[in-house]
Amino acid sequence: MTAKDPLPQSRHLATEIPGPLSTAAMQRRKEAVSGGLGTALPVIVSRAQDAIIEDIDGNRIIDFGAGIGVVNVGNSAPRVVKAVQEAVATFTHTNFTTVPYMGYIEVCEALNRLTPGDFKKKSLLQNSGAEAVENAIKIARHYTKRAAVVVFEHAYHGRTNLTMALTAKNIPYKDGFGPFANEIYRMPLPYAYRWLGNPETITADALDLVTHKIEKEIGAQNVAAILIEPVVGEGGFMVQPEGFMLGLQEFATKNGIVFIADEVQSGFARTGKLFAVEHEGMTPDMIITAKGIAGGLPLAAVTGRAEIMDSSHVGGLGGTYGGNPIACAAALAAIETIQEEKLVERAAHIGSILFETLNGLKAKYPVIGDVRGRGAMVAIELVKPGSKDPNPEAMAKVVKYCHSHGLLILTAGTYGNVIRFLPPLVITDELLRDGLSVLAEGFASL
Ligand SMILES: *Cc1c(COP(=O)(O)O)cnc(C)c1O
């Protein structure tokens, strides 16, 4: 088989998982690669198409992870592959601030057009989500001439020094990696499933709590930015309760604070809207995008109000590789794919199947405490039956079952007890249902 042969969109177990070739290769990895990197599924990929990953032992594994919400348009999406092949044969790199090229400009035009808000917008391209978050904070600080940044419990914003400080969870992201950047203030998150107050008034109560803390503990006039994930990613797929972000943005606007949505995981059609803030008709001052933007090529962006994005002096922003021409070509092809294949609608459809099936499993297995998310960004939180005590042991067993039966699923959550579902949005209903049947068997096996 060559890379060009179509990869059947079906699950197939040729060996046990991991098979002998993967096991031998993982031994080489262990010798050669830093031990600081984890492994969700210890097989070596030979190729991947749409929603199937094939390993070097010939197993075909259903992909419910999409490279952590990256290949929303599918593994090796045809338009992305073609665009990359053409771009790479044309020129590989000039550095946009040395000799500019059209791809960078066109990606910025597309982002300015597609992100919500009918005000004048401008964009900046970078290599990774963390780098884009760093630049958004840099720009917001420069624009406001203020230092403080407000973030939330359970947040994940990356692994660089500033973004580690913005991230909530200590193990594995921060432990022993300090000292961390200062002027970062963490606020309570209205995490509905674990909210101790009245669930009916969660939005108003959380807004009161957060704005009071900002005013009394930081001083709103010292705050450069409020940074929030519309659907919390690594922290466990908590959806911000309706009206919470709108209330925060109103507070931000009133106090000259830049309101920034980190849509690195929730963006690009994942939640059944192009951007998750659209579910509430929001228009953030800045939106950070990455993961789903370029069909697997490394690219990230900051898009925001033109006056904010223009506040920096010339040369204040940049980077050698940011907005690499091949990644830009891939992004334009990914955006075209989302539109042509109607992947926004497709995400909503996948979400309806996920919610229906997972709520059915929840009714049957009390170990599933909560089903939550938006569109095709859905998770289940596992607890000890009859309580809300986290149950990472049950999670580990279900994940192991799924992986050994040819279904790749990812975990998440501050308490290490969340299974998240991020299938490529081109997955067929049949494959999605086959994957969910493996998951159901996993719960039955507990
Ligand atoms: C993954 C992620 C990041 C960091 O992106 P990298 O490309 O891994 O640096 C930032 N924010 C959110 C919400 C993410 O999910």
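Name the residues in segment 378-390 that are in contact (Cβ under 8 Å) with a residue 24 or more places away in the chain and either part of a strand (DSSP E or B) or among the acidic types (Asp, Glu) (or both), would you? It would help to see each step written out before you state the result.
Restricting attention to segment 378-390, the residues satisfying the condition of being in contact (Cβ under 8 Å) with a residue 24 or more places away in the chain are 378-383, 388, 390.
Val378, Ala379, Ile380, Glu381, Leu382, Val383, Pro390, listed by residue number.
Tally up the residues in segment 221-246 that are surrounded by fewer than 19 Cβ atoms within 10 Å (Cβ to Cβ) and outside any loop (DSSP other than H, G, I, E, B), please.
Of the residues in segment 221-246, 3 are surrounded by fewer than 19 Cβ atoms within 10 Å (Cβ to Cβ) and outside any loop (DSSP other than H, G, I, E, B).
Hey, among the residues in segment 359-377 that are in a helix (DSSP H, G or I) and in contact (Cβ under 8 Å) with a residue 40 or more places away in the chain, which one's surrounded by the most Cβ atoms within 10 Å (Cβ to Cβ)?
Going through the qualifying residues, I end up with Leu361.
Within segment 422-446, how many residues are farther than 13 Å from Gly406 by Cα, open to solvent by 10 Å² or more (accessible area, probe 1.4 Å) and over 20 Å from the mean Cα position of the chain (by Cα)? Outline the logic, then answer.
From segment 422-446, those farther than 13 Å from Gly406 by Cα are 422-430, 433, 440, 443-446; that's our starting set.
From what is left, the residues that are open to solvent by 10 Å² or more (accessible area, probe 1.4 Å) are 426, 428-430, 433, 440, 444-446.
Of the ones still in play, those that are also over 20 Å from the mean Cα position of the chain (by Cα) are 428-430, 433, 440, 444-446.
The number of residues fulfilling the criteria is 8.
Lys291 passes all but one of (1) away from the ligand (no atom under 16 Å from the Cβ); (2) open to solvent by 10 Å² or more (accessible area, probe 1.4 Å); which number fails?
Condition not satisfied by Lys291: (1).
Given the condition farther than 24 Å from Gly236 by Cβ and surrounded by 24 or more Cβ atoms within 10 Å (Cβ to Cβ), answer yes or no: does some residue in segment 136-144 qualify?
yes
Can you give me the ranges of the helices (runs of 4 or more DSSP H) entirely in segment 75-175 with at least 1 residues that are of a type in the set (Gly, Ala, Ser) and away from the ligand (no atom under 16 Å from the Cβ)? Step through it out loud before you land on a result.
Working: elements: 78-90, 102-114, 129-144, 161-166.
Once the helices (runs of 4 or more DSSP H) in segment 75-175 are filtered for at least 1 residues that are of a type in the set (Gly, Ala, Ser) and away from the ligand (no atom under 16 Å from the Cβ), what remains is 78-90, 102-114.
Filter segment 183-220 for residues that are open to solvent by 20 Å² or more (accessible area, probe 1.4 Å), farther than 26 Å from Lys145 by Cα and not in a helix (DSSP H, G or I) and give the result.
Those that are open to solvent by 20 Å² or more (accessible area, probe 1.4 Å), farther than 26 Å from Lys145 by Cα and not in a helix (DSSP H, G or I): Trp195, Leu196, Gly197, Asn198.
The values are calculated or read from the model by the stated rules, or taken from the named source; none is laboratory data. Just so you know, these numbers come straight off a predicted model, no measurement behind them. Methodologically, a virtual Cβ is constructed for each residue, glycine included, from the backbone with ideal geometry; neighbour enumeration extends over all protein chains shown. Just so you know, the surface numbers come from the protein's heavy atoms only, side chains and all, with ligands and any DNA or RNA stripped out. Shrake-Rupley method; radii C 1.70, N 1.55, O 1.52, S 1.80 Å.
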